[in-house]
Amino acid sequence: MDSMYDHRYERPLAMVVDACTECGKDIYEGEEYYTFGTDSVCEDCINDYVRQAKKEGI
Ligand SMILES: [Zn+2]
């Protein structure tokens with residue numbers, strides 16, 4: 001999609017609400033992420049996280 005907006009201005013006041021347990025990336029308010037108990041997992045890591053969880057039989 002073409003956009004007139006500079007990406008830097010899309011979320012000028014985004015708050016960091018959490019950090020990904022897997023990659024340590026900040027998770028901003030309004031972003032999709034997943035929580036499992038005390039773990040918070042960003043969209044980038046969810047597939048790996050689930051695969052790992054299945055392997056470990058959680
Ligand atoms: Zn992550």
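Nothing in this text is a laboratory measurement; each read-out follows from the coordinates by a stated rule. Treat the numbers as computed from the prediction; the structure is a model and nothing was measured. Note that each Cβ is placed from the backbone with ideal geometry, even for glycine, and that neighbours are counted across all protein chains shown.
Grab the beta carbon distance between Ala14 and Thr35, set R0 = 25 Å, and tell me the FRET efficiency rounded to 0.05. Calculated value: 0.85.
Semi-axes of the equivalent ellipsoid of region 14-56 are 20, 9, 8 Å, computed as sqrt(5λ) over the eigenvalues of the C-alpha gyration tensor in descending order.
Maximal additional length on extending the Glu43-Lys25 stretch stands at 5.4 nm, based on 0.36 nm per residue less the C-alpha distance.
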